[in-house]
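Undergrad: Here's a structure for you.
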Amino acid sequence: MVSSRLLFLLSPILMLIIHANGQPPFRAYFCDNNNGNYTSSSIYEKNLNQVLPTLYSNTTIDYGFYYSTYGQNSDTVYAIGLCRGDVNPDDCRGCLKNSSALLTQTCPNQKNAIGVYDECILRYSNSSIYGIMEISPIISLRNGNKVAANSVGQFNDDLNSLLSNLTNEAAAGSSLLKYAARGGTRDFLPLYALVQCTPDLSQQNCINCLLDAIKVVPQCCNGTQGATVIVPSCNLRFEQYSFFDSTTAPPSTNTTTSPPPTNVTNSKGNQSSTSRTVIIVVVASVAFVVLIVSICICVYLRVSSPKEKAAEILTCSSCEDIDDEIPSVESLQFDFSTISVATDDFSEANKLGQGGFGAVYKGTLCNGEDVAVKRLSTNSGQGDLEFKNEVLLVAKLQHRNLVRLLGFCMERNERLLIYEFVPNTSLDHFLFDPIKRVHLNWEKRYKIIGGIARGLLYLHEDSRLRIIHRDLKASNILLDKDMNAKISDFGMAKLFLLDQTQSNTSRIVGTYGYMAPEYAMHGQFSVKSDVFSFGVLVLEIVSGQRNNCIRNGENVEDLLSYAWNNWREGTASHIIDPTLRHSSTIEIMRCIHIGLLCVQENVSDRPTMALIVLMLNSYSITLPVPSHPAFFMHSNIESDMSSNWGHNLEVPRSDHSKGHYVQHSANEASITEPYPR
């Protein structure tokens, strides 16, 4: 639209005018010189200039927390903006806008930086930062005034009590806001404090982060009347005045600040005159832009395109539960023509696989980015609005060990999902290939096991939506260029109308060999169903054998029986893939032990994914002795199965898959509990 182009052209001019005439300095900032630099006019710099405006231009949802990414591979930029919990949306976006402009100047060419104002904190990085608790670097600012010597002990006791209460209150907040502030006179001493976490943290991680920040106070600021402690994932502040109400907050001259950037003038006379110039230029420019925008809005209301109308629907009140870290619908929605060109009109040459949800194609967007496009089958029972809302909810599930949903398309009766492209195909293409498996040394296999575990833990406990995958298997684990594991097709059942509840289903779907007995026989599923599948997958990774057919002399056994018999007889080394004979036997044996614990017949005997992650990362934990696994899968069931592919219930087997995103399970391959946690 004309207004969009005009705004695009005017915005840099206005920004340059403002910068040239003085920008308020940060209270503090951090430039990371140890994690790589970028060069001028590089792809990373261009991506950085693209991603930062999305933080302060988001006017659809305002909860004071914004997350965005842009780019691909090593040039991807991740950015987070967090405003203080009591700051109104307009001031929040204004603060982030100032931060975006100043931080790239204050930290030129650094790929990682943090800028701190009273009202907001801006952070960007070249590595994923969403949902990850980070407590380094530590930034501490002290109020220059001291508490009376005879009151320090009482003041510290009151402060610890107040911060402890606020920590629990903030951590118990929603995935939209984790903030708490309170104050008043305590034991004749006024005391006000606030604590805040980025709301992408889990409750426990928020508590842990704030506790680490609180520990800094005695070291940096003991006896001071006020202080601010900031780490990337949380912050706290206390004063002897009510600083979190902007109308009553006193001047901040009592607080020690970090040195202002060298490009900021300190002359009050110059600032006064240049400020008037800035105001005149900005007001005139804004008035002109408002006039153009008003005209364009009138035109838009008369002749808006189907795509724009679809985008307009998603600004309605029914979308109020969608978190701030989700990009706007405009950035998620793709044109059908764009996807058609990217996939060469869905040519067979670009087809990666065929599954229960539909076919998957490789595509290349006009910016050179490779994507995987899932062309959904037509059996979804949802309307357009519900489908779009569900896409936005699934898009918010972002984790380094999950395949990322980039967007969707709804045109010409088509429903397309656009995912990040993962180049190294799926785990089964390496693990069960006698030639390719040699590329999977134990170090890579152990990293894959750990990645799958962390991805499942996120789905089960740390995401706002609890996802039970129900079809975890080697072909649903994709491998990126660095052989990191990424779980695919999680949350897909959220996009379909299902005949199931949160605990039972009348239709058993999934893949033989990976299915927990209580689910296969009674339709009962839970997070422990995924734990069972994970255990089978671990044993497959260790042995390099499919779960359905192990030849032991004259006998043919399933993998669980074979693993258990060797474990019980003290010959567990027979389970290990021969290509791993020179690897760490202790580590491999521990993984076999964990795998057997996961496939216990009794649901309560299986560990949770949280405990499994702990077992994989700590050798100080003593593992319980496993009992025999579930033996409902015997050779009479498996004899009809191909030695190359596991059969799936309700879906004919496909032998035409060529690579990534291969699916063989029915549409109910995962289930989501769509409630806040």
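Since every read-out is calculated from the coordinates, none of them should be taken as a lab result. Quantities reported herein were computed from a predicted structural model and do not represent experimental measurements. Quick reminder, even Gly has a Cβ in these numbers, built from the backbone with ideal geometry, and neighbours come from all protein chains shown.
Undergrad: Which order do the peptides 341-347, 190-196 come out in when sorted by mean C-beta neighbours inside 10 angstrom, highest first?
TA: 190-196, 341-347
Undergrad: Report, in listed order, any pair from Lys362/Lys388; Lys178/Lys447; Lys97/Lys486; Lys215/Lys447; Lys46/Lys444 with a Cα-Cα distance greater than 29 Å.
TA: Lys178/Lys447; Lys97/Lys486; Lys215/Lys447; Lys46/Lys444
Undergrad: Can you give me the orientation-averaged projected area of the convex hull built on the Cα atoms of segment 99-160, in nm²?
TA: Its average projected convex-hull area is 6.6 nm².
Undergrad: Among 75-86, 33-44, how do they line up from the highest to the lowest mean number of other beta-carbon atoms within 10 Å?
TA: Peptide ranking by packing, descending: 75-86, 33-44.
Undergrad: How do 95-104, 470-479, 218-227 rank on mean C-beta neighbours within 10 Å, highest first?
TA: Packing proxy ranking, top to bottom: 470-479, 95-104, 218-227.
Undergrad: Starting from the 7 Å offset along Cα-to-Cβ, what nm value, one decimal, do you get for the label separation of Glu369 and Asn441?
TA: Each label point lies 7 Å from its Cα, and together they span 3.4 nm.
Undergrad: Would you calculate the separation in nanometres between label points at Ser618 and Thr585, each defined as 7 Å from the Cα along the Cα-to-beta-carbon direction?
TA: 2.8
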